[in-house]
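Below is one structure; the comments refer to it alone.
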């Protein structure tokens, strides 16, 4: 039953035709998410055969639900029309339908207040502003015995509940996921988008209109570049080419993590980053075994300059120990960290990443950042040393230490064609 008060746009109609039991919709500002979602609830309420059907619209704050959604719900239910049979309860933000179905608005600021209810359908609006536990601990159980459905809608604000649900949904064939960027939908005129781009910071524009999960990370060194890689389809499935050597780049920790990237230099100046490995508290013999088990045909192994330092216990350097295990390292030049960061920036546009095998390393590249000094209201000059550091340091050593046979490392942008024979397209 189509609501005559609501005419879906092209992309809204596409979504309505493809919705699954659980759906995640990442949409740019002014896409029409609220109208789409309200009418999904209204249609389900009117079409149900259950006399006790219950639907919910959950906003980050109860006040937001009342301000943004309540009037829209009344409008699309037909309030003010002679044929409107829905009864509205202002104090509870509840709409009662003639067939016994109900839709109620809630805020997520107090998750415990949502416990004890049952639901047949629920909309989560602006999921990025909610704790993930509202879904996992409170609402998901409320849907179970009714086999209820859920739609999650929002615009990215970094990597939080919306991102987690987006990633989970993309991996689950029973879920529907879709992303709609302003540059692709045509809903906002090009002139208006251009004006917004001039008036907003690049990070703000990428987040609000281009649905970037990484652009909003304050002080991120590579956030925009990794966002461009994802948008261009360069974070995907990248199969190893058995005819080419696999080069490795290492950050060697002592008591903390050791990180290893596995990279193939492909024709045309591109790099296929096919694998990543990280472990903590292991000796070099462990990593030699990992290399053997992966079974690649290896080329250069690149290590930081401090691999030459002799250990007090053995009197040997890790360079010598590695050689005894059959790993012959090339030493990356000892240059300032900022120069290494710039080298990473120069090769990232030429890199294709396997999204599955390199997942933790990709996240490190996205989140590597400068510290922000709240008192000075400015960023520091050095990167934060945290969980991202080892993976990025290893990638930095590759950027400054790898040289293609017969010449210097090229600084070319990635070609428009796909040189890697990807196994399949991701949704």
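None of the figures in this text is laboratory data; all of them are computed from the coordinates on show. Remember, it's a predicted structure, so these values are computed and weren't measured experimentally. When we count neighbours, we look across all protein chains shown, and the Cβ atoms used for this are built from the backbone with ideal geometry, even at glycine.
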Problem set entry | Overall form of the stretch 162-210 per C-alpha gyration tensor (a/c, 1.5; a/b vs b/c) | oblate
Problem set entry | 0 to 90° range, to nearest 10: angle between helix 284-294 axis and the chain longest Cα axis | 70 degrees
Problem set entry | Correct option for Cα Rg over 2.2 N^0.38 Å [calculated from the coordinates] among [x] 1.09; [y] 1.18; [z] 1.27 | [y]
Exercise. What is the spin-label model distance, in nm, from residue 293 to residue 88 if the labels are put 7 Å beyond Cα along the C-beta direction?
Worked result: 6.2 nm
Problem set entry | CD proxy at 222 nm, helix term only [per DSSP H run n ≥ 4: -39500 (n - 2.57); per residue of the chain; nearest 500] | -8500 deg cm²/dmol
Seminar exercise, completed: Percent antiparallel among DSSP beta bridges confined to the chain, nearest 5, equals 40 percent
Exercise. In nm, what is the difference between 0.36 nm times the number of residues separating residue 192 and residue 132 and their Cα-Cα distance?
Worked result: 18.2 nm
Exercise. Does the stretch 235-401 come out rounded, prolate or oblate by the C-alpha gyration tensor, with a ≥ b ≥ c the root eigenvalues, rounded set by a/c under 1.5 and, if not, prolate when a/b is larger than b/c and oblate if not?
Worked result: oblate
Exercise. Of all DSSP beta bridges in the stretch 28-123, what percent run antiparallel (nearest 5)?
Worked result: 40 percent
For this session: Measure nothing but the geometry: give the 0 to 90° angle between the long axis through the Cα atoms of 389-401 and the longest principal axis through the Cα atoms of the chain, rounded to 10°.
Result: 50 degrees
Exercise. Relative to the present Cα-Cα distance, how much length would full extension add between residue 403 and residue 21 at 0.36 nm per residue of separation?
Worked result: 132.5 nm
Problem set entry | Three-way shape call for the stretch 295-335 based on the alpha-carbon gyration tensor, with the a/c threshold at 1.5 | oblate
Problem set entry | Spatial separation of Cα centroids for the stretch 279-345 and the stretch 32-85, in angstrom | 60 Å
For this session: Treating the angle as unsigned and between 0 and 90°, give the value, to the nearest 10°, between the Cα long axis of helix 337-347 and the longest Cα principal axis of the chain.
Result: 70 degrees
